[in-house]
Every structure is written in C-alpha cells, then in structure tokens.
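A.B. asks: Sharing a structure here in structure tokens format.
The values are calculated or read from the model by the stated rules, or taken from the named source; none is laboratory data. It should be emphasised that the depicted structure is a prediction, and the values quoted were computed from it without experimental measurement. Note that we place each Cβ from the backbone using ideal geometry, even for glycine, and neighbour counts take in every protein chain shown. When the accessible area is computed, the model is the full protein with side chains, heavy atoms only, and any ligands, DNA or RNA have been set aside. Shrake-Rupley method; radii C 1.70, N 1.55, O 1.52, S 1.80 Å.
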Amino acid sequence: MIRGVVLGQVWATKRNPRLAGKRLLLVAEVVEDAAGRRRSGRVVVAADDLDARVGDAVVVAFGSGARNAEEACSRDVLSDAAIVQIIDSE
Amino acid sequence: MIRGVVLGQVWATKRNPRLAGKRLLLVAEVVEDAAGRRRSGRVVVAADDLDARVGDAVVVAFGSGARNAEEACSRDVLSDAAIVQIIDSE
Amino acid sequence: MIRGVVLGQVWATKRNPRLAGKRLLLVAEVVEDAAGRRRSGRVVVAADDLDARVGDAVVVAFGSGARNAEEACSRDVLSDAAIVQIIDSE
Amino acid sequence: MIRGVVLGQVWATKRNPRLAGKRLLLVAEVVEDAAGRRRSGRVVVAADDLDARVGDAVVVAFGSGARNAEEACSRDVLSDAAIVQIIDSE
Amino acid sequence: MIRGVVLGQVWATKRNPRLAGKRLLLVAEVVEDAAGRRRSGRVVVAADDLDARVGDAVVVAFGSGARNAEEACSRDVLSDAAIVQIIDSE
C-alpha cells in the first residue's frame, strides 16, 4: 500500500461497463526522505467508497488487495487500486 | 490504475496467438507535481476496446484488473494492461 | 521483497472494515549503490504482526506473498504489503 | 506490457528445473518523452518463444499475462515476463 | 524477471513462521544504458535454493513466478521473489 493525497475525481462517459457506478479518484503518492515529505509526481487512479475528499491523506491498496476492498474474494473486479483508509494521524 | 495519453498503435505480424485480433495502443503515463502535469517518459502497451484515439486521456488498469476488463473472471487472458476509461474531465 | 526501516504507525478512524484491528506501519525503502546505503524516498504502508518498532530494519513482502503472511492460502485479505521479518544482521 | 529492444540472451547451467529448455532474453525498456525515445536503463529478463533477435523491438507482458503466453490458464509457470509480440511498426 | 548481483544474506531471529528455513539474499538490480552497466541502487530480498554466492550474477523472478520456483502451483508460499538462475554468460 502507499500513502497519498487526493487530487480530484475522474469523470468519463466512455468506460468499461464493469466500472459503472464507481467513483474514481486521482491520488498523488507522497514520499519522504531526509529532506522531509513531498509528492513524488506519481499519480494513481483509485476506486473510492470511503467518500474521501480533495486534500485527504489516504492509504491506497493495489492488485488483489484492492479487489478485496470491494468484495470478499472477488475475482472479477476490474479496478486494481482502491482507497482503503483515510489517515487521521501518524 | 494510471492516467495517460494515447500515443499510437502497435502493429505486428509476429505475435502470440492469444493476442490475435487485439488492438494494442501505446499510452504515455502522465504524472503531476507542484510544477504541473507532464509525461513521465514511461510508456505502457495496453489493450483497447473503447476505440481510444491518439491524444485521448485515458485510464489504464493492470494485472488481473486488466484481464477482467476483457472478460469476467477470465484467467487465461494474456494482456496485462487495458484501457478501461476515456477521460472527459477531472 | 524489499528491505526497509520503520518510520511510524498510521492511525485512522475511517477505514475499510477488512482492515479492522490491523496495525499498519510506514516503512521507508532502503537502497544501496556504490556510495553506500540510503533511503530511496519511497514509503510503503505494510501490515505488521511481528511488533516491529520505529527504527527497526525489516523485510516487507508484497502481493499474494503479503496475504499469505497473514493467513495460509488466504484469498480475501485486503492488505498488499506485510512485514515478514525483523533483520538482526546481514 | 512494455515496449523494449532485445539486447541478448542469458545462459546458465545452474537454474531452477522449471526453467529447463526456456530461452531467456535480456530486453531493454524503451521510454519516450518530449525529447524523443530512449532506453530507460531498466532491463528485464523475459521468456521468448517467438524467436526474437538482438535489436528487435518487442512487447513484453508480465505476471499472469506472461504465464498465459506460455500455456492457457497455467498456474505453475515460473517465468514472470514473456515476449508476446515482435513490433513491425507503430 | 530482473538481472542482479548477490550482495549478501539477511539474518533474523524474528520472522514470519512461513519463512522458517528459508535462505534470503540481498540482490542488487543491474541496469544498462548507453553508458554501460551499473547497479540501479534498488535492492531486492529474494529466496534462494540454488546456493548463490556473494558476487554471483543471478536472475530473480517475482510474484507467483517466485512462488512456483519453490513449489508447483503453490498458493501459500510467503516469498514474493526468488533466485531462479545463476548466470554463466550473456
């Protein structure tokens, strides 16, 4: 999983039918080195069902972890990234 | 998933038979930092069945997510990346 | 798997119910080249059940490996990264 | 999938028995930005059964996609990367 | 799969019981561009059952490929990276 910050939402009229009804958010990865935290530049598109808002710090899961976020043991979920937690503090 | 922009199509006469009939597009990843958006340089080859055109902003899914874009619960799809959405706005 | 060092813990009230009770740690990846070791800047969020502490050098597994760290053959674990070892020496 | 160029072949006497008889090629990833195309430096080792030659532009699939390149629905293939197409033009 | 060079072994007393008896090695990724080969800085921790030694050039497989290196069709292996070949020449 990675830590990131929500940038906004993606809108589309043309999409795979398996994404119908999904809320997809743009999340900027946050990295951290000796100089402190910063955005890496990398942006992922993640499904959200926690109602995350722009500016929220979140945890994003990938792959089968992301599919399980939507449905237990689901094998037919299209999304490969999902917001699984909104961070309060660290 | 990542956000990208379509660069063009890949043509081949010699390919794995499991790719027969697939339309494969080159998609440039778009990243974003304090200085704004730019192409990262990274290019992925993704299956497309949404008829994306050169210049379109798209969302690309990977791994089993990409296979599910083609067929529900499919376990024998060769492709590991698929265009799942054409972006209207953000 | 990667080698990293524990930075701290992530706290959240709003999280996917499948993460309930999980201890999630921030782990900074450690890379190494001719100039020696350093943190790459990349930070992963990993499940921990070895009671790793801040500053510990750890090994993090990803994907289905991470799910198996929690439960054998588990297919419904949400986490995609787990601390699987605390390093004594190399 | 990624686009790359074949650098050469890897030879080994000591290998996992599941790799016996496999032809493994070194493939350099090709990236592309405003300044044009170039090799990223990243090199992957991919199974090949399309008889790709040094200098060929190829498409490499990863993960379960790569395993499916070898055998439909195969779950016991060791390789995690495979050349699935030799590019004629783009 | 990637090409790398063995840096050393990782020792631990506190580890996930599923790693018991495993030999884990640190492997530095080797990349290659117009200026020649060099270590990228990235280091992976990989299971080894080929008795690779420090300085050996090796091929590392990831994900389910790595699990299959240990046991055919195994679904409960924790490791996500394995040395599958010691390179003689290229």
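Residues are listed down the side, and each one gets a yes or a no for (1) of a type in the set (Lys, Arg); (2) under 11 Å from the mean Cα position of the chain (by Cα):
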site	(1), (2)
C:Arg3	yes, yes
C:Asn16	no, no
C:Val27	no, yes
C:Ala34	no, no
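A.B. asks: Can you tell me which residue within region E:1-55, out of those that are farther than 21 Å from C:Val30 by Cα, in a loop (DSSP other than H, G, I, E, B) and out of contact with any Leu (no Cβ under 9 Å at 6 or more places or on another chain), is farthest from the other protein chains (Cβ to nearest Cβ)?
C.D. replies: E:Gly21
A.B. asks: Another question, if that's okay. Go through region D:51-60 residue by residue and tally those that are buried (at least 19 other Cβ atoms within 10 Å of the Cβ) and more than 25 Å from E:Val58 (Cβ to Cβ).
C.D. replies: Within region D:51-60, residues that are buried (at least 19 other Cβ atoms within 10 Å of the Cβ) and more than 25 Å from E:Val58 (Cβ to Cβ) number 2.
A.B. asks: Just one of (1) without any contact (Cβ under 8 Å) to a residue 24 or more places away in the chain; (2) open to solvent by less than 10 Å² (accessible area, probe 1.4 Å); (3) on the phi < 0 side of the Ramachandran plot trips up E:Gly41, so point out which.
C.D. replies: That leaves (3) as the condition not met.
A.B. asks: Do the conditions hold for A:Gly65, that is, is it within 17 Å of B:Arg67 (Cα to Cα) and not in a strand (DSSP E or B)?
C.D. replies: yes
A.B. asks: Go through region B:47-87 and report how many residues are modelled with pLDDT of 90 or more and in contact with a Ser or Thr (Cβ under 6 Å, 6 or more places away or on another chain).
C.D. replies: So the answer is 1.
A.B. asks: Out of region D:17-38, which residues are open to solvent by 10 Å² or more (accessible area, probe 1.4 Å) and modelled with pLDDT under 90?
C.D. replies: Residues satisfying the conditions are D:Pro17, D:Arg18, D:Ala20, D:Gly21, D:Lys22, D:Asp33, D:Ala34, D:Ala35, D:Gly36.
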